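Quick notes on the structure that follows.
Only the coordinates and a few stated rules stand behind these numbers; no lab work does. Keep in mind it's a predicted model, so treat the numbers as computed, not measured. As a convention, Cβ positions derive from the backbone with ideal geometry for all residues, glycine included, and neighbour counts pool all protein chains shown.
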Amino acid sequence: MTLRNFYITLLAIAMVAPACRKFVEVEQPNQRLFRYTTDFQRLLSDRTVFERTASQPMLSADDINLDANASTQNLLNSGSDSVYIWGANYYTADQSDVNWDQLYNQIYVCNQVIVNVQGSEGGTDAQKNSTQAEAKVQRAYTYLTLVNLYARPYNATTASSDPGLPLLLTPDLFVSLERASVQAVYDQIIKDLTEALPALPAQPSNNIHAAKAAAHATLARTYLYMQSFAEAAQQAGLALGYRNTVLDLNAYATGTAFPRRLDNPEVILARQTNMPGNHNLPLSNELLEKFQTNDLRYELYTRAGSTFQPAFTGRGSWRARLFAGDNVTTGITVPEVMLTQAEGLARTGQAGPAMNLVNALRQKRFRPADYVELAAANANEALRIVLDERRRELFGTGLRWYDQRRLSIEPALAETETRVFKGNTYTLVPGNRYVYPIPPKNIDLNPELTQNQR
């Protein structure tokens, strides 16, 4: 570990652990290590920090189901098994939540850049402004992930009082860690993204870095989760004005290698994560029944359970194998943004334009001879089609969990999920189990933090 990364890690840990704070009650060396504008640009290029995202949603989501596979149930270790059954607690008092730690480390590094880059040496004003703007996009994206794990789904009537997150906006180690409201977190996300847009480049140097499409796309996802559907559709359209390439799966049906993550034109802002427990797990029948077997996503992105080691009954996701060496590629993609725009349009009564987007995407997912356009008689039918298409397009990335959360507060769209695990039956209904517990270890170290109701 380099000295620079040592201090980043040390201070990020100190940020969430008051017991460590006394250890750094000296002149903070990070103020001396980062001097030039290029230093801060390199921080944002650190893949080990910014490409990581949460793996837990893949276990929580109804994309997978282990009911018929006792052998795969035994693959889940302590903590992972609790996530899978939506348990009251995920971790013991001495266990860390790696996703919480990684995401707050991203926040800390972003804060270093946002606060300090303007006073750095060697860069032009434009370079400093764009670097600061990118850090704001990265911070906003990370807070959007965190608030959709550890806080209640956004509800306009309760968001101002629902406990959100510690909202840390500077690299100061001694700020309060009391939880800001869900509304305050969303307000900050929108503020960061809106302020960043003017200084962002039209196109990124690669898709680890945030440019204008990433900011608009993150705003689109934010407004979708807030049920501000007209705004979600508008921002999605703006994002697609900068990035709109969709891979034609016909080109890969004959064995052509898929592009690596950083070369994939569909990826707007790259993130990756490991498979839960580093194991492949069976897809749920509920998901598989959404597919036609001639859908190239079914053909290319799934495989029979006998293909995997250990083998299991049913089918599993093959996506991580196709994009070799990239683990599970997630983040924001062009197809997600298209479907966000389509949902926003359907929700605002524009069934025709919504279905045009769905069909434009699906045409790239079937052989020409197999493709039949989908049609909707009305906006409600279009919405159902869009939501099903999100399941087919985004499965295996964890994004389904975020959809389940936001739909759980809509009675017409909320679903009840049931799992049988090691002889016991577990049921997920709309309510508190859609909110992850804050790691008890962090609460023990930080009396300001309060636990979520489970």
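Excluding Ser55 itself, what net charge comes from residues whose Cβ is under 15 Å from its Cβ, given Lys and Arg +1 and Asp and Glu -1? Before the final figure, lay out each step's value.
Details: positive: Arg52, Arg271, Arg319, Arg400; negative: Glu51, Asp63, Asp81, Asp97, Asp101, Asp326.
Value of the local net charge: -2.
Given +1 on the Cβ of Lys and Arg, -1 on the Cβ of Asp and Glu, and no further charges, what dipole in debye does the range 173-313 carry about its Cα centre, rounded to the nearest 20?
Numbers: 11 positive and 12 negative charges, 49 e Å.
Charge dipole of the range 173-313: 240 debye, to the nearest 20.
Order the peptides 408-419, 99-110 from the highest to the lowest mean number of other Cβ atoms within 10 Å of their residues. Mind showing how you got there, number by number?
On the way: 408-419: 13.4, 99-110: 22.4.
Those peptides, ordered most packed to least, come out 99-110, 408-419.
Taking the square root of 5 times each eigenvalue of the Cα gyration tensor, what semi-axes in Å does the equivalent ellipsoid of the chain have, largest first? Numbers along the way, then the final one.
Values: eigenvalues 233, 142, 95 Å².
Result for the chain: semi-axes of 34, 27, 22 Å.
Calculate, for Glu410 and Ala369, the FRET efficiency according to 1/(1 + (r/R0)^6) with r their C-beta to C-beta distance and R0 41 Å; round to the nearest 0.05.
Working: r = 38 Å, r/R0 = 0.92.
For Glu410 and Ala369, the calculated efficiency is 0.60.
If you place +1 on the Cβ of every Lys and Arg, -1 on the Cβ of every Asp and Glu, and leave all else neutral, what size is the dipole of the chain about its Cα centre, to the nearest 20 Debye? Please list the in-between numbers first.
Details: 43 positive and 44 negative charges, 105 e Å.
Dipole of the chain, to the nearest 20 debye: 500 debye.
Using the structure shown, list the pairs from Lys212/Lys364; Lys128/Lys212; Lys191/Lys212 with a Cα-Cα distance above 18 Å, or answer none.
From the list (Lys212/Lys364; Lys128/Lys212; Lys191/Lys212), the Cα-Cα distance tops 18 Å for Lys212/Lys364.
Among 263-269, 425-431, how do they line up from the highest to the lowest mean number of other beta-carbon atoms within 10 Å?
On the way: 263-269: 19.9, 425-431: 13.9.
Output ranking for 263-269, 425-431: 263-269, 425-431.
Could you calculate the FRET efficiency of Asn77 with Val420 from 1/(1 + (r/R0)^6), where r is the beta carbon distance between them and R0 is 22 Å, rounded to 0.05? Write out the running numbers ahead of the final one.
Details: r = 19 Å, r/R0 = 0.87.
With R0 = 22 Å, the Cβ-Cβ based efficiency is 0.70.
With N denoting the number of residues in the range 217-263, provide Rg(C-alpha) divided by 2.2 N^0.38 Å, to two decimal places. List each step's numbers first, then the result.
Working: Rg = 14.9 Å, N = 47, 2.2 N^0.38 = 9.5 Å.
Rg over 2.2 N^0.38 Å, computed on Cα atoms: 1.57.
Simple spin-label model, 7 Å along Cα-to-Cβ: Ala184 to Arg321 in nm?
4.8 nm
Once you keep just the Cα pairs under 8 angstrom separated by 6 or more residues, what percentage relative contact order results for the chain? Numbers along the way, then the final one.
Values: 790 pairs, mean separation 96.1, N = 454.
Relative contact order of the chain: 21 percent.
Could you work out how much longer the chain between Gln451 and Ala230 gets when fully extended? Use 0.36 nm per residue separation minus the Cα distance between them, nm to one decimal. Write out the running numbers ahead of the final one.
Values: separation 221, 0.36 × 221 = 79.56 nm, distance 3.39 nm.
Full-extension gain reported as 76.2 nm.
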